[in-house]
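**Student:** There's a structure below that I have some questions on.
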Amino acid sequence: MAPAERGWDLTVMRRPFQRKAGGSSSSHHYFSIGVMLFFLGCLSLYTGKVITDRHWRSHRLGKRAWWRSGPSWRVPEDVWRSASSDLYYGCSGRGSRFSPVGHGSRSNGYLLIETSGGLNQQRTGIIDAVVVSRILNATLVIPELDHHSFWKDNSDFADIFDVKWFTSSLLRDIRIVKKIPDKVMRLMEKPPYTMRVPRKSAPEYYLDEVLPILRRRHVRRAVQLTKFDFRLSNNLDEELQKLRCRVNYHALRFTKPIQELGQKLVEKMREMSPRFIAVHLRFEPDMLAFSGCYYGGEDKERQELGAIRDRWKTLPDLDAEGERSRGRCPLTPHEVGLMLRGLGFENDSYLYIASGEIYGGTKTLQPLRDLFPNMYTKEMFSDIELEPFLSYSSRLAAIDYIVCDESDVFVTNNNGNMARILAGRRRYKGHKRTIRPNSKKLSSLFKARNQMDWQTFSKKVKRYQRGFMGEPEEMRPGRGEFHEFPYNCICRKPDNESIDGAVWTSWVSRKSWVSDWAVRYERLNEIRRARSSSRNMRKRYRPS
């Protein structure tokens with residue numbers, strides 16, 4: 001069909017380029033086109049589009065780049081180890097702009113922190129407490145751990161973490177004391193002012209709202225921040241992000257008894273097999289109740305999990321089937337086993353199960369054991385050695401943390417705090433294999449697994465898990481929580497064989513320009529939100 005027959009008026013389509021009498025309109029059109037072409041030319045200088053894209057595509061057909069996206073990812077042939085992990089290393093050293101603490105300034109006061117939640121949620125609070133102390137130029141008092149959460153663990157900081165190591169490791173970053181000196185307490189006219197900071201607050205909020213209170217010398221000199229979990233923005237200056245990494249990956253070391261028992265469990269697993277998989281099942285009653293999911297246990301399950309769910313008064317009513325279809329439900333132990341077998345792990349592989357009380361007990365775990373007979377937990381090793389820790393959920397979680405960190409493959413079953421913290425740590429330590437189930441895709445596959453043969457099922461599992469295998473390419477600036485994707489703290493070793501140096505430099509600079517723009521845009525939004533929040537809550541947080 002001719003264009004005219006389709007109703008296209010080619011005369012109208014050409015009209016802007018036709019010369020008309022008078023010349024002024026024509027000049028205006030030419031000027032507009034010239035401005036547009038000049039703008040596009042300037043834009044190409046930033047994006048490198050005109051020169052480098054063709055070369056980049058040609059290299060992409062050969063060897064893979066380290067920051068790829070899209071459906072062309074493939075599940076690696078070696079499911080135990082990433083082929084490109086040796087190209088990366090953790091880099092969280094202080095930059096030249098990060099001056100040692102105490103040079104040319106005195107402390108603005110004392111910062112007291114009350115953390116919240118389980119072990120790894122409290123860990124994020126401790127990390128951010130150090131960064132906030134740096135922002136405020138305040139002296140950090142060793143944080144208090146949560147004794148009133150669901151887990152009812154009365155462990156203190158010194159029971160789980162090595163205080164001396166923590167203090168000495170951060171000696172050049174912030175000032176740390178075990179408690180406020182008695183001399184200072186006697187000079188304070190009022191007790192420390194207590195406040196709760198809004199979640200994800202930008203550094204500007206702390207400077208505008210907390211710092212003025214600290215600077216009221218002989219009146220306050222100390223501020224206590226309560227429920228301190230995720231109270232600091234995810235996007236920070238690069239030097240502050242690296243400080244987060246130094247705290248998380250170097251300064252927070254477990255106490256000697258915890259460390260020794262964790263390493264002993266690792267050695268026992270190594271004695272049985274040179275490599276093993278650690279699975280964080282997260283199939284405890286509290287997790288299932290919190291997720292609002294249902295696993296076929298009929299009225300008994302609904303009543304038991306419903307009673308636990310009632311403890312959180314603010315939780316909304318959820319559609320269990322809808323949550324599962326959206327990928328928000330933990331996989332059952334059987335489904336975790338099917339995923340691993342579908343990815344290519346053989347049934348003689350050794351599994352370490354990191355978990356608390358499994359809902360349903362042995363009956364729930366049996367299908368996983370049928371798929372992987374060599375399955376162990378910390379309780380199977382030594383009751384005598386575990387006995388001092390059995391009454392403390394956080395210390396038991398710390399032992400699991402050590403074994404999962406040392407494993408060859410770490411498998412998460414939800415996007416909880418331990419999963420994110422360990423995923424980031426394993427990236428920092430060399431991109432050790434970390435598998436996150438693509439629950440949204442896998443849930444529909446598990447429902448239909450009886451309608452296909454095993455080869456088809458395995459092929460689909462591998463396809464659905466593209467981008468969820470802990471490959472270096474999955475980590476991009478600004479993606480997700482920083483504790484899970486610590487991109488500021490991971491460097492790439494020189495690799496002249498991967499792609500041409502000029503093309504690589506151009507492409508990275510283009511990506512970093514876009515990333516910097518995105519981070520700055522997000523930071524501006526956070527500053528606006530922080531200022532708005534500070535205006536709304538100024539009366540509430542004003543000291544009496």
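**Student:** Which one of these is open to solvent by less than 10 Å² (accessible area, probe 1.4 Å), touching a Lys or Arg at 6+ places or on another chain (Cβ under 7 Å) and under 30 Å from Phe150 (Cβ atoms): Leu265, Leu243, Leu281? Lay out the reasoning, then the answer.
**Tutor:** Numbers: Leu243 fails: under 30 Å from Phe150 (Cβ atoms); Leu281 fails: touching a Lys or Arg at 6+ places or on another chain (Cβ under 7 Å).
Just one listed residue meets the conditions, Leu265.
**Student:** Now for a different question. Which residue, of Ala251, Ala320, Ala278, Ala354, is more than 19 Å from Arg395 (Cα to Cα) and either within 27 Å of the chain's Cα centre (by Cα) or not hydrophobic (A, V, I, L, M, F, W, C) (or both)?
**Tutor:** Every option except Ala320 fails the conditions.
**Student:** While we're looking at this one, here's another question. Within segment 173-193, which residues are touching a residue at least 12 places away in the same chain (Cβ under 8 Å) and surrounded by 14 or more Cβ atoms within 10 Å (Cβ to Cβ)?
**Tutor:** Within segment 173-193, Asp173, Ile174, Arg175, Ile176, Val177, Ile180, Val184, Met188, Pro192, Tyr193 qualify.
**Student:** Give segment 194-206 a look and list any residue that's part of a strand (DSSP E or B) and either open to solvent by 40 Å² or more (accessible area, probe 1.4 Å) or within 17 Å of Leu145 (Cβ to Cβ) (or both), or say none. Give the derivation first.
**Tutor:** First pass over segment 194-206, keeping only residues part of a strand (DSSP E or B): 194-195, 201.
Selection gives Thr194 alone.
**Student:** Now for a separate question. Which one of the conditions (1) under 26 Å from the mean Cα position of the chain (by Cα); (2) farther than 30 Å from Phe290 by Cα; (3) among the β-branched types (Val, Ile, Thr) does Thr139 fail to meet, given that it meets all the rest?
**Tutor:** Against the list (1) under 26 Å from the mean Cα position of the chain (by Cα); (2) farther than 30 Å from Phe290 by Cα; (3) among the β-branched types (Val, Ile, Thr), Thr139 comes up short only on (1).
**Student:** Sticking with this one: Taking helices (runs of 4 or more DSSP H) that fall entirely within segment 380-477, which contain at least 1 residues that are open to solvent by 10 Å² or more (accessible area, probe 1.4 Å) and modelled with pLDDT of 90 or more?
**Tutor:** Of the helices (runs of 4 or more DSSP H) lying wholly inside segment 380-477, those with at least 1 residues that are open to solvent by 10 Å² or more (accessible area, probe 1.4 Å) and modelled with pLDDT of 90 or more span 393-406, 417-428, 439-447, 454-464.
**Student:** Among the residues of segment 148-164, which ones are within 27 Å of Leu214 (Cα to Cα) and open to solvent by 40 Å² or more (accessible area, probe 1.4 Å)?
**Tutor:** From segment 148-164, those within 27 Å of Leu214 (Cα to Cα) are 156-158, 163-164; that's our starting set.
Of everything in segment 148-164, those that are within 27 Å of Leu214 (Cα to Cα) and open to solvent by 40 Å² or more (accessible area, probe 1.4 Å) turn out to be Asp156, Ala158, Lys164.
**Student:** Let me ask another. Output the qualifying pairs, or none if there are none: Cβ atoms under 6 angstrom, residues six or more apart or on different chains, first residue in segment 444-459 and touching a residue at least 60 places away in the same chain (Cβ under 8 Å), second residue surrounded by fewer than 11 Cβ atoms within 10 Å (Cβ to Cβ).
**Tutor:** Pairs that qualify, where the first residue is touching a residue at least 60 places away in the same chain (Cβ under 8 Å) and the partner is surrounded by fewer than 11 Cβ atoms within 10 Å (Cβ to Cβ): there are none.
**Student:** Let me ask another. Which residue, of Met287, Met272, is touching a Pro at 6+ places or on another chain (Cβ under 7 Å) and within 30 Å of Trp80 (Cβ to Cβ)?
**Tutor:** Met287
**Student:** Tell me, which residue of segment 323-351 that is touching a Leu at 6+ places or on another chain (Cβ under 9 Å) and of a type in the set (Lys, Arg) is least open to solvent (accessible area, probe 1.4 Å)?
**Tutor:** Step by step, filter segment 323-351, then rank; the result is Arg341.
**Student:** For segment 215-226, name all the residues that are open to solvent by 10 Å² or more (accessible area, probe 1.4 Å) and modelled with pLDDT of 95 or more.
**Tutor:** Listed by number, the residues that qualify are Gln224, Thr226.
**Student:** Tell me which of these Glu204 doesn't satisfy, since it passes every other one: (1) more than 27 Å from the chain's Cα centre (by Cα); (2) modelled with pLDDT of 95 or more; (3) of a type in the set (Asp, Glu).
**Tutor:** Every condition holds for Glu204 apart from (1).
**Student:** Conditions: (1) touching a His at 6+ places or on another chain (Cβ under 6 Å); (2) farther than 30 Å from Gly356 by Cβ. Met195 meets all but one. Number of the miss?
**Tutor:** Going through the list (1) touching a His at 6+ places or on another chain (Cβ under 6 Å); (2) farther than 30 Å from Gly356 by Cβ, Met195 breaks only (1).
**Student:** Assuming Asp237 fulfils every condition listed in (1) open to solvent by 60 Å² or more (accessible area, probe 1.4 Å); (2) within 30 Å of Asn374 (Cα to Cα) apart from one, which condition is it?
**Tutor:** Result: Asp237 passes all but (2).
**Student:** Further, regarding this structure: Can you say whether Met269 is farther than 16 Å from Leu386 by Cα and in contact with a strand residue (DSSP E or B) (Cβ under 7 Å, 6 or more places away or on another chain), as far as the supplied structure shows?
**Tutor:** Criteria met by Met269.
The values are calculated or read from the model by the stated rules, or taken from the named source; none is laboratory data. These numbers come from a predicted model, not from an experiment. For neighbour counting, all protein chains shown are included, and Cβ atoms are generated from backbone atoms with ideal geometry for every residue, glycine included. Remember, those area values only see protein heavy atoms, side chains included, never the ligands or the DNA or RNA. Shrake-Rupley method; radii C 1.70, N 1.55, O 1.52, S 1.80 Å.
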